Amino acid sequence: MKIYLLRHGETAWNEERRIQGQTDVSLNDTGFFQAQATKKYFDDIKLDAVYTSTLQRAIQTAEIVTGMKYPIKKFSDLNERDFGNWQTRLWDEIYIEIPDLRERWKREGIKFTPENGESLESLISRSQRRFVQIIDSHIYGENILISCHGGPLKAMVGYVYETPWEDIPDVVNLDNCSITLIENEKGMLSIPVVNKFVY
């Protein structure tokens, strides 16, 4: 079994370092280009299932790279972390407004929760739970695509690497429209490709 993890293409908010979280932002021109260029890679792969979050940037990316040849199953637990009141704002603004934010974040770790938002602990839990459910619902030899967001995808990579939850934010860098490949050989998970660009 091969599980292709695909981070969504770029949005204007990615470029601005504006906090998206679960705000439903579309791909920008660069994001559409990235997804279209990545389609060439998936043209040669027969997919048995395609999964995305419920946010349009992930759905658009999946639709473009697959040429809309497959039905897409959408799950909210593949959505990005909910940053609550921080969403729509620039990271630079948040750090100015909360001068001790880095210290608080470090002190509270994965339990740190933005106002009216979601903890990293919650994000990791729901993402890994859905990841395991997806794997368990398929047989060996199938090809699966999961198109979603940096947070949930890092949680999945962390699951395979057996990374402690508090270390998952730093487990790997995943850029917009990059591919990470997970192979499942009779229950043994490995990651031969991480953060690969195919254009």
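Computed from the coordinates by the stated procedures, all read-outs in this text should not be read as laboratory data. None of the values given here were measured: they were computed from a predicted structure. Counting neighbours? That spans all protein chains shown, and the Cβs are built from the backbone with ideal geometry, glycine included.
Below is a table of values for the structure above.
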quantity	calculated
Ordering of 3-14, 63-74, 37-48 by burial proxy (mean other Cβ atoms within 10 Å per residue, highest first)	3-14, 63-74, 37-48
Kirkwood Rh, angstrom, the stretch 2-196 [1 / mean 1/r, Cα pairs]	17.1
Most fluctuating residue given options ALA49, ALA58, ALA155, as computed from a GNM of the chain linking Cα atoms under 10 Å	ALA49
Gap separating the Cα centres of the stretch 175-197 and the stretch 12-52, nearest whole Å	17
Computed over the chain: relative contact order in percent, which uses C-alpha pairs under 8 Å that are six or more apart	32
Share, in percent, of DSSP beta bridges within the chain that are antiparallel, nearest 5	50
Under-5 Å amide H pairs with SER178, H placed in peptide plane, nonlocal only	ARG7
The stretch 61-119: mean projected area of Cα convex hull, nm²	5.7
Using a Förster distance of 30 Å, the FRET efficiency for ASP92-GLU121 (Cβ separation, nearest 0.05)	0.70
Two-site FRET efficiency, TYR41 against LYS111, from Cβ-Cβ distance with R₀ of 35 Å, rounded to 0.05	0.35
